[in-house]
Amino acid sequence: MLKKNKVPLSRRVEILSLFQRYTEGLSTLPASALLMFLCKEQMELTANKDTAEDLIDRYEIEETAVESRCMTFEGFLRFMESKDCCVFNRSHKTVYQDMDQPLTSYFISTSHNTYLTGDQLVGKSHLDAYVSALRKGCRCLEIDCWDGPDTEPVVYHGYTLTTKILFKDVIRTVEQHAFEVSAYPVILSLENHCCEAQQQVMAKYLTSILGDKLLKSPLDHPTTGDLPSPNDLMYKILIKNKKLKSQIRREDKTEESADEGEDADADDEDEDEEDDEYSIQFRAMFWSPRKMGSKNKKEKVALHKDLSDLVIYTRSVKFISFCHSRDNQNCYENTSMAEKKARKLMKSSGSSFIHHNQRFLSRIYPAGSRTSSSNYNPQEFWNVGAQLVALNFQSPGLSMDLNNGRFQDNGGCGYVLKPAVLMSRERNFDPNTSYRYLKPIQLVLKVISGSNLPVIKSRNTLDPFVRVEIHGIAFDSRSKSTHIVKNNSLTPHWDTDMNFSITVPELCLVRFCVRDQMTLFKSEFVGQYTLPFTSLKKGYRWVPLLSRQGCSLDPASLFVLVLY
């Protein structure tokens with residue numbers, strides 16, 4: 001509950017000033033004055049006398065003050081440094097959103113090339129990468145499956161020198177860790193390159209290892225034309241893959257034109273026309289033209305019935321157009337596309353993309369040219385309601401900061417309900433439009449001070465500044481910075497006001513980034529913290545700082561004032 005580190009003198013002075021403002025010359029803060037502080041400064045509009053007295057009981061240790069229903073400065077300081085005064089809304093640390101909507105109504109934490117711990121050419125594949133992703137709340141994992149020796153399918157980045165791990169070990173790992181941090185469904189996105197015999201082995205491992213956790217048949221629930229909800233699918237693992245057309249339910253309208261014995265077409269990553277040239281170019285470094293020839297021809301892999309049987313609500317189909325999807329696609333069919341194709345559609349048909357994602361799951365994945373496992377900015381695809389925005393979890397940086405910030409909401413369960421602006425079928429919202437007719441929210445931030453900022457070994461101190469970034473629709477996305485404080489990592493004081501005009505706050509993320517000014521034109525990352533605007537608490541708040549890898553840098557923090 002309490003921050004145990006010693007509070008820096010500057011922070012104590014700032015909090016003492018607040019304390020004295022409400023004590024009116026007294027040595028202690030009465031419960032009535034504390035309530036006034038909560039309502040006026042902290043904007044806790046639901047606070048009442050019981051709230052104030054509960055805080056006294058929790059944070060005041062001087063018995064005479066507790067008996068008098070007052071708070072000393074030391075008690076007030078403990079309260080101000082506690083999680084009750086963190087910038088992130090504590091009520092959002094647990095699942096609080098409606099989890100009975102169809103899967104299409106949620107942003108779903110999604111990993112790309114989950115098995116990799118490094119780059120996509122010579123990087124290492126490791127089971128720990130799956131454990132790490134699941135512990136971060138990831139709910140959609142990618143498994144690239146290839147034929148292995150002794151009829152044992154392997155997982156690795158095909159046509160490269162990345163190391164290989166056994167498919168069965170991946171499934172065992174998933175079974176052990178799938179629901180450690182979240183009870184909501186896990187989707188296994190199979191990139192299937194195996195022969196039919198090894199696909200049968202895959203199906204055997206999936207059923208025998210996952211057992212009752214594997215969803216093997218549709219749920220017995222009323223047919224509404226929508227996918228089941230996260231609540232419907234709690235503790236279930238779904239297989240995302242192609243499905244034999246002969247197995248598609250006959251009442252579906254696509255069945256009428258399907259050839260009974262034919263495999264369903266799907267837009268696997270390696271078949272994407274925009275990225276194939278890059279994949280071939282880089283993979284040709286390691287493979288002979290003869291071996292790469294089959295890749296150029298895009299040979300289709302015949303699908304084994306046993307594996308096809310396991311595909312229930314997440315059947316992969318090829319994206320052709322929004323009109324084609326509207327007229328032909330079923331709710332249990334999903335599409336995947338590379339970032340470049342998705343970006344073109346987003347810019348040319350943003351509103352249509354949003355309507356598409358109201359009915360169907362969409363997975364966006366990084367371009368094949370990102371051989372270093374770099375990431376795109378996921379915000380642009382969340383803006384059009386794409387659910388499965390896949391990132392390389394092993395690559396720290398801005399993209400993963402935004403992803404971690406987005407999915408720390410709703411209890412970190414990996415499912416975040418999309419805002420109403422993306423779910424209205426009557427409203428033609430387009431994230432590329434400025435929406436000047438909307439009355440924007442005015443976010444006022446005062447970046448007051450920092451404390452205990454981490455110093456790299458090669459330097460004894462920092463020249464820190466804070467950059468506050470708003471990530472949302474293009475019209476809302478802005479950043480502003482404080483001035484630089486020279487030679488002060490312990491108690492830098494900025495006292496800088498920033499104003500942001502935000503038209504679609506429910507889509508926005510706020511990122512606080514501390515940087516060290518190295519030279520006139522160069523600065524280095526120190527720490528950051530990202531959270532949804534809708535989780536931002538008003539009033540005087542402290543901001544915890546995280547490392548590049550997303551780990552806590554406690555006791556490092558910022559002290560800010562938030563108003564809107």
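The values are calculated or read from the model by the stated rules, or taken from the named source; none is laboratory data. Because the structure is predicted, anything quoted here is derived from the model rather than measured. Glycine also receives a Cβ, built like all others from the backbone with ideal geometry; neighbour counts cover every protein chain displayed. Just so you know, the surface numbers come from the protein's heavy atoms only, side chains and all, with ligands and any DNA or RNA stripped out. Shrake-Rupley method; radii C 1.70, N 1.55, O 1.52, S 1.80 Å.
Assorted remarks:
- Residues in segment 59-110 that are open to solvent by 40 Å² or more (accessible area, probe 1.4 Å), among the hydroxyl-bearing types (Ser, Thr, Tyr), in a helix (DSSP H, G or I) and farther than 30 Å from Ala133 by Cα: Thr64 alone.
- Of the residues in segment 447-464, at least one is touching a residue at least 24 places away in the same chain (Cβ under 8 Å), under 25 Å from Leu563 (Cβ atoms) and part of a loop (DSSP other than H, G, I, E, B).
- Residues that are part of a strand (DSSP E or B) and of a type in the set (A, V, I, L, M) within segment 316-349 comprise Met337, Ala338, listed in sequence order.
- Being at pLDDT 95 or above and touching a Ser or Thr at 6+ places or on another chain (Cβ under 6 Å) is a description that applies to Leu238.
- Scanning segment 465-476 for residues that are in contact (Cβ under 8 Å) with a residue 40 or more places away in the chain, open to solvent by less than 50 Å² (accessible area, probe 1.4 Å) and of a type outside the set (Phe, Trp, Tyr) returns Val466, Val468, Glu469, Ile470, His471, Gly472, Ile473.
- If the condition is being exposed (fewer than 15 other Cβ atoms within 10 Å of the Cβ), under 35 Å from the mean Cα position of the chain (by Cα) and assigned to a helix (DSSP H, G or I), then segment 38-57 contributes Lys40, Asp54.
- Qualifying residue in segment 172-189 (condition: touching a residue at least 40 places away in the same chain (Cβ under 8 Å) and over 24 Å from Gly414 (Cβ atoms)): no
- Restricting segment 302-320 to residues that are over 27 Å from the mean Cα position of the chain (by Cα) and small (Gly, Ala, Ser), the residue that is least open to solvent (accessible area, probe 1.4 Å) is Ser308.
Here's the yes/no breakdown for (1) surrounded by fewer than 20 Cβ atoms within 10 Å (Cβ to Cβ); (2) out of contact with any Pro (no Cβ under 6 Å at 6 or more places or on another chain); (3) among the basic types (Lys, Arg):
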residue	(1), (2), (3)
Arg135	yes, yes, yes
Arg139	no, yes, yes
Glu152	yes, yes, no
Gly158	yes, yes, no
Thr162	no, yes, no
Glu175	yes, yes, no
Ser208	yes, yes, no
Ser217	yes, yes, no
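- Qualifying residues in segment 435-446 (those that are part of a loop (DSSP other than H, G, I, E, B) and open to solvent by 50 Å² or more (accessible area, probe 1.4 Å)) - the one modelled with the highest pLDDT: Lys439
- Residue within segment 502-516 that is farther than 20 Å from Pro440 by Cα and surrounded by fewer than 19 Cβ atoms within 10 Å (Cβ to Cβ) present: no
- As a summary of the residue check, Thr491 satisfies the conditions (1) in a loop (DSSP other than H, G, I, E, B); (2) open to solvent by less than 40 Å² (accessible area, probe 1.4 Å); (3) more than 30 Å from Ile237 (Cα to Cα); (4) of a type in the set (S, T, N, Q) except for the one numbered (2).
- Qualifying helices (runs of 4 or more DSSP H) (wholly inside segment 127-240; at least 1 residues being touching a Phe, Trp or Tyr at 6+ places or on another chain (Cβ under 9 Å), hydrophobic (A, V, I, L, M, F, W, C) and under 22 Å from Met99 (Cβ atoms)): 127-135, 167-177
- For segment 418-434, residues that are more than 15 Å from Ser352 (Cβ to Cβ) and charged (D, E, K, R) total 1.
- Test for Asn499: is it modelled with pLDDT of 95 or more and open to solvent by 40 Å² or more (accessible area, probe 1.4 Å): yes
- Number of positions in segment 515-559 that are not in a strand (DSSP E or B) and not polar (S, T, N, Q): 8
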